[in-house]
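Encoded as structure tokens, the structure appears first; notes follow it.
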6 protein chains.
Amino acid sequence: MKVAVSRKEHFNAAHRLYNPEWSDERNEQIFGKCSNPHFHGHNYELIVTLLGEPDSDTGYVYDMKKLSDLIREHVTSRFDHKNLNLDTAYFKNLNPTAENIAIVIWRILRQQIDNQYDLKIKLYETERNFVEYPAH
Amino acid sequence: MKVAVSRKEHFNAAHRLYNPEWSDERNEQIFGKCSNPHFHGHNYELIVTLLGEPDSDTGYVYDMKKLSDLIREHVTSRFDHKNLNLDTAYFKNLNPTAENIAIVIWRILRQQIDNQYDLKIKLYETERNFVEYPAH
Amino acid sequence: MKVAVSRKEHFNAAHRLYNPEWSDERNEQIFGKCSNPHFHGHNYELIVTLLGEPDSDTGYVYDMKKLSDLIREHVTSRFDHKNLNLDTAYFKNLNPTAENIAIVIWRILRQQIDNQYDLKIKLYETERNFVEYPAH
Amino acid sequence: MKVAVSRKEHFNAAHRLYNPEWSDERNEQIFGKCSNPHFHGHNYELIVTLLGEPDSDTGYVYDMKKLSDLIREHVTSRFDHKNLNLDTAYFKNLNPTAENIAIVIWRILRQQIDNQYDLKIKLYETERNFVEYPAH
Amino acid sequence: MKVAVSRKEHFNAAHRLYNPEWSDERNEQIFGKCSNPHFHGHNYELIVTLLGEPDSDTGYVYDMKKLSDLIREHVTSRFDHKNLNLDTAYFKNLNPTAENIAIVIWRILRQQIDNQYDLKIKLYETERNFVEYPAH
Amino acid sequence: MKVAVSRKEHFNAAHRLYNPEWSDERNEQIFGKCSNPHFHGHNYELIVTLLGEPDSDTGYVYDMKKLSDLIREHVTSRFDHKNLNLDTAYFKNLNPTAENIAIVIWRILRQQIDNQYDLKIKLYETERNFVEYPAH
């Protein structure tokens, strides 16, 4: 049976929900105040989970220090204190909803972590709204 | 792969654990102080989770504002600041354990949310006791 | 300079806000859904704080185990899983608002704790509503 | 002795720390990544505290429902999902540090709440950084 | 469909990560400051989850009071305020990583809880590092 | 009126409560399981608060990045993943109760922070036990 190990990190960012193919009225209608043209922001809490077998020599599934370093190097250094729409390439043509941010983070980290480990992302946009990817 | 989106709401309610087919002694024996005839109460924290694919136009699996409104209209407006045993029809003949409250909430919301979305309920009765439905 | 030491405990109780000298209409008008005749309830989080000098032999201002035992014996054993209006003498003629519950707990504990220690009570009725007594 | 009553609310906003009388280099040097020209953001947690005597008829120092409504009408409706620098008049010429935001909120609410009540503001910019005003 | 019921308990313990077959240098290299020979410690938060069908008479999947008692008798009484490496038999020859502690707790409780209930363990070593067993 | 600014940091450490002038029996009697000779441990949460006037140029009372760096350099680097009794000079002859740890941290930081700022320490030993220094 596998063990899941999780590391929690955070980043603070501005964003705006917006579909460029829609009129301003439709963006306002669908996204409400989340579509404010001058942006708003969040303290995002990010939990990265890996599933695997504990190594018999270390007792670790994965070194949490190494996982923390990977998250900081590849995710939070790119997103922390940034405007997700304007300062990152990922959301130039992708709406930075919590769902899409979680999928982007999963894709970034999937390239950094050996495929022997299943990878899951949980992202809190606020204390009351959060997403998980993949989910089943 | 699907994304799970979750919304947290809360309600404050009184309840009493009680099986009307049992003697008072047996109710006291099985439910202890939770069977106090004058009721006690909790701040229930409710997390509602939907699983689905993000919409390509919005980037949403489900509009969290709409989910919050559904929960308030169909669940918390009926349970908040109520006596679950006396003020709601759901627990007239059903013991209001956390397990049963979660199942009742699932049934209420299942009628409001399209079947393309899987639905899960997590309910905290206290910070130390909580339930999830369905679980596997 | 003094040190403040604090112990957090909790209890779950039902209550109803109600002034018996008022009509039902006025109770409803002032207290809203908090005046539901069938009661509602909360998970109360209670923080008891003592101020004093650390003892030179122990390094303790007060033994937290002893403080925890005092709180359980004199406060939570009387309030936990109870209906504050019906099951306790304290609120027979006193409205069990968070303010009044905090004052009652302060008076109970003030009799148990030597006057060399200043005593303060903090009581969370919900995560978003809380009171402190005395305050200045 | 007085009782302090507190209400917690929240708002999500974008901001940028910036002194217009300084060069970009100096802003960058002093405020670091908090001076990102495209803004970043936070989930601000706001706690408003009033000190007073419980009313003998209600047992309330202040109706928390009324306090919550005042905060929403006068504070969070103006700041939530806004860019503090661009969308509010308060920070046109005032750097939106947590300190200054707390002082602004205090001034707004001081005009709404009778002077018989002392007023205090606590504002969490992140879980790890927070301010209180006034403090002594 | 099954319901999952969970109980949260905690214990405070000292430990040291160390592989006796390795040199001190290699232990230091792999485990860093977690291998400090004089130990360090944590407030462990333990969540025990059982999956099953609610009983038709009680509405309980499992009595949380009974589960809490089992955890205290068989787990926290053995681990709380202990040195996991020196004071327990479980980690004499097993590195007390969060992964291994969770597996040990699962094995202890599996013997106490009827096999009709699936059993899962979640263990927080810190607020930012936690593990789950079994996971899939 | 002054503003209080606070920064939260954490460290994980082992300790043992023990008075070397007492017999083992008396240590056991007074400190209970906290006197376990093989130590136990905690995740300490440390909140450092400074009181002062916001600077008119920056809007800061104190740069939180600078405060965080001071805490890490002078406090958590010395205490994190350490045995407080054996690995630090501060508790060679001083019992590492939460009270004494808070006083030691206050003395360390008082030398690093200009006297124009009042300094306060809040230290959580567990979620349920915490101390503040100085208090009045």
Original post:
Which ones in the stretch B:107-130 are at the interface with another protein chain (Cβ under 10 Å from one of its Cβ atoms), open to solvent by less than 50 Å² (accessible area, probe 1.4 Å) and over 9 Å from the mean Cα position of the chain (by Cα)?
Top reply: B:Glu125, B:Thr126, B:Arg128, B:Asn129, B:Phe130
Original post:
If you go through the stretch E:61-70 one residue at a time, do you hit one that is acidic (Asp, Glu), under 27 Å from F:His38 (Cα atoms) and free of Cβ contacts under 8 Å to residues at least 40 places away in the same chain?
Top reply: yes
Original post:
Where residues in the stretch B:78-103 are in a helix (DSSP H, G or I) and open to solvent by 30 Å² or more (accessible area, probe 1.4 Å), which of them is farthest from the other protein chains (Cβ to nearest Cβ)?
Top reply: B:Arg78
**OP:** Considering only the stretch D:49-77, state which residues are at the interface with chain C (Cβ under 9 Å from one of its Cβ atoms), among the hydroxyl-bearing types (Ser, Thr, Tyr) and closer than 24 Å to D:Met1 by Cα.
**Re:** D:Thr49, D:Thr58, D:Tyr60
Original post:
Looking at the stretch B:37-76, which of the residues that are more than 23 Å from C:Ala13 (Cβ to Cβ) and of a type in the set (Gly, Ala, Ser) is surrounded by the fewest Cβ atoms within 10 Å (Cβ to Cβ)?
Top reply: B:Ser56
Subject >> F:Tyr18 aromatic (Phe, Trp, Tyr) and touching a strand residue (DSSP E or B) at 6+ places or on another chain (Cβ under 8 Å) >> reply: no
**OP:** Residue by residue through the stretch C:31-59, note down the ones that are in contact (Cβ under 8 Å) with a residue 24 or more places away in the chain and part of a loop (DSSP other than H, G, I, E, B).
**Re:** C:Phe39, C:Glu53, C:Pro54
Subject >> Test: residue in the stretch A:93-106 that is touching a Pro at 6+ places or on another chain (Cβ under 9 Å) and of a type in the set (D, E, K, R) >> reply: yes
Original post:
Among B:Lys66, B:Lys8, which is among the charged types (D, E, K, R), farther than 27 Å from E:Ser56 by Cα and assigned to a helix (DSSP H, G or I)?
Top reply: B:Lys66
Original post:
Of all residues in the stretch D:1-28 being within 14 Å of chain C (Cβ to nearest Cβ) and open to solvent by 60 Å² or more (accessible area, probe 1.4 Å), which is farthest from D:His42 (Cα to Cα)?
Top reply: D:Met1
**OP:** Return the total of residues in the stretch F:29-48 being within 23 Å of D:Thr126 (Cβ to Cβ) and more than 14 Å from chain E (Cβ to nearest Cβ).
**Re:** 2
Subject >> Test result for B:Val104, without any contact (Cβ under 8 Å) to a residue 24 or more places away in the chain, more than 30 Å from A:Leu17 (Cβ to Cβ) and under 17 Å from the mean Cα position of the chain (by Cα) >> reply: yes
Original post:
Which of the residues that make up the stretch B:4-30 are farther than 17 Å from B:Lys92 by Cβ, touching a residue at least 24 places away in the same chain (Cβ under 8 Å) and among the polar types (S, T, N, Q)?
Top reply: B:Ser6, B:Asn12
Original post:
Which residues, taken from the stretch D:51-73, are among the aliphatic types (A, V, I, L, M) and touching an Asp or Glu at 6+ places or on another chain (Cβ under 7 Å)?
Top reply: D:Leu51, D:Val61, D:Ile71
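The values are calculated or read from the model by the stated rules, or taken from the named source; none is laboratory data. This is a predicted model, so every value here is computed, not measured. With ideal geometry, Cβ positions are generated from the backbone for all residues, glycine too; neighbour counts draw on all protein chains shown. For the accessible areas, the whole protein counts, side chains as well, though only heavy atoms, and no ligand, DNA or RNA atoms are used. Shrake-Rupley method; radii C 1.70, N 1.55, O 1.52, S 1.80 Å.
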